[in-house]
Amino acid sequence: MSRAEVVADILSCTRCESVIPVPFRGPAPARFAIIGEAPGRVENEVGEPFRGPAGHLLDEALVAAGFDLEQLCWVNPVCCWPERIKTPQPEHFTACKPHLLAQLKLINPTYLLLVGNSALYAAGVSTKITATRGKVWQAGDRYYSATWHPAAVLRDPDKKDQFCSDVQAFREVTKGEMT
Ligand code: SF4
């Protein structure tokens with residue numbers, strides 16, 4: 001599917017009886033992708049992922065690590081804001097999986113940073129972020145790393161040093177892939 005078709009398919013989706021789906025943001029294809037959880041209130045209003053306070057915190061860490069934000073792509077495995085239930089449930093990940101797969105096929109990233117347990121779950125990783133953060137692993141022709149979701153860092157600033165260190169470790173793996 002083309003980018004326009006992938007986006008239109010997401011925007012017209014009513015599988016979960018949710019409203020205002022938020023498709024990915026950034027270039028496609030892109031070598032680097034950030035995988036999160038679901039849009040929040042700000043993202044729901046703006047229509048783009050990682051545009052709220054958590055997204056700004058992640059931007060800061062990515063820039064500090066040396067990333068060019070223009071070369072990154074942001075994707076949520078659940079495209080709608082789970083306002084009533086706060087956190088997406090397994091059925092939402094299942095319902096939205098075709099959209100995630102379509103977006104990743106279009107973006108075709110080599111390096112993926114999974115932020116938070118929901119991103120790990122969506123990627124089929126069985127361990128929690130406490131055991132996985134800061135590590136890098138390969139699956140097929142893709143490289144994965146993981147860290148706290150920036151919203152968790154906002155709730156618990158003691159996680160910020162680990163968060164920044166993990167983003168830096170992800171950057172080290174991708175070196176040579178950006179100018
Ligand atoms: S969360 Fe995903 S599957 Fe559910 S309505 Fe939104 S776009 Fe559709």
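The values are calculated or read from the model by the stated rules, or taken from the named source; none is laboratory data. Keep in mind the model is a prediction, meaning the values are calculated, not measured. Positions of Cβ are generated from backbone atoms using ideal geometry, with glycine treated the same way; all protein chains shown enter the neighbour counts.
Structural remarks
- Counting only residues that are at pLDDT 95 or above, out of contact with any Ser or Thr (no Cβ under 8 Å at 6 or more places or on another chain) and in a loop (DSSP other than H, G, I, E, B), segment 25-42 holds 5 of them.
- Given (1) in contact with an Asp or Glu (Cβ under 9 Å, 6 or more places away or on another chain); (2) under 22 Å from Gly26 (Cβ atoms); (3) surrounded by fewer than 17 Cβ atoms within 10 Å (Cβ to Cβ), index of the condition Thr87 fails: (2)
- Residue list for segment 102-161, filter: of a type in the set (D, E, K, R) and surrounded by 14 or more Cβ atoms within 10 Å (Cβ to Cβ): Arg133, Arg142, Lys159, Lys160
- Scanning segment 1-42 for residues that are farther than 15 Å from Pro109 by Cβ, away from the ligand (no atom under 13 Å from the Cβ) and crowded, with 19+ Cβ neighbours inside 10 Å yields one hit, Gly40.
- Listed by first and then second residue, the pairs linking a residue in segment 58-69 that is of a type in the set (Lys, Arg) to a residue that is at pLDDT below 95, with Cβ atoms under 9 Å apart and 6 or more places separating them unless they lie on different chains, form an empty list.
- Subset of segment 133-179 that is of a type in the set (D, E, K, R) and assigned to a helix (DSSP H, G or I) - its residue that is farthest from Leu104 (Cα to Cα): Asp158
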